[in-house]
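Note sheet for the following structure.
The values are calculated or read from the model by the stated rules, or taken from the named source; none is laboratory data. On a predicted model such as this, the values are computed, not experimentally measured, just so you know. Note: ideal-geometry Cβ built from the backbone for every residue, glycine included; neighbour counts use all protein chains shown. Just so you know, the surface numbers come from the protein's heavy atoms only, side chains and all, with ligands and any DNA or RNA stripped out. Shrake-Rupley method; radii C 1.70, N 1.55, O 1.52, S 1.80 Å.
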Amino acid sequence: MLGGLRGRVVVLAAFQVLCPKSIAAGVPQAQKIYETFEPKDVAVIGLHATFEHHDAFSAAVLKAFIHEYRLSFPIALDQPNPASPIPHTMDRYKMRGTPSLVLIDRRGYVRKHTFGAVDDLRMGAEIGALTQESDQAALAQSSAA
């Protein structure tokens, strides 16, 4: 899924429409990131990650939420995992809940993984730093992590 975004910093922002912290912090932050950075440098991908009340959510509910909150970044609907209450993408990225944010550098390495609200200024600085890294610096940083 994310292979086509190589060469850009990727912000994977997981949220849930019934999660107060997602609505208050995670979703607005993802929209700000999307509006602030050039799409050629930073790709923002939203992920509606339902790990409870699966039957209450559908693509139609998510579409209404996107419209209501005037979100303009792409958002995927994570799929339930029959083997776990944690949906597939959340499980793959080892997310503990929502909101969660994963920063992936231009080479495709996960560089930050957060759970809960993160300060906008700090996140913007970290994303900005990743956009400025040379390939050599990104490789050295990924090896150290």
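Working from Cα pairs under 8 Å separated by at least six residues, relative contact order for segment 1-47 is 53 percent.
As a length-normalised measure over Cα pairs under 8 Å and 6 or more apart, the relative contact order of segment 50-100 settles at 36 percent.
Cα centroids of segment 1-36 and segment 89-139: 10 Å apart. Among the listed values (i) 46; (ii) 37; (iii) 41, the one matching percent of Cα pairs over 22 Å apart as calculated from this structure is (ii). Of all beta bridges that DSSP places with both ends in the chain, some 50 percent have antiparallel geometry. Calculate what fraction, in whole %, of the accessible area of the chain sits on carbon and sulfur atoms when a 1.4 Å probe is rolled over the protein chains. The value for the chain is 54 percent carbon and sulfur by accessible area.
Dipole of segment 1-84 computed with +1 at Lys/Arg Cβ and -1 at Asp/Glu Cβ about the Cα centre; of Cys19, Ser58, Ile45, farthest Cα towards the positive end is Ile45. Determine the calculated [θ] at 222 nm for the chain from helices alone, applying -39500 (n - 2.57) to every DSSP H run no shorter than 4 residues and normalising by the residue count; nearest 500 deg cm²/dmol. My calculation for the chain gives -9500 deg cm²/dmol from helical runs alone.
Structural descriptor for the chain: relative contact order 30 percent, calculated from alpha carbon pairs under 8 angstrom and at least 6 residues apart.
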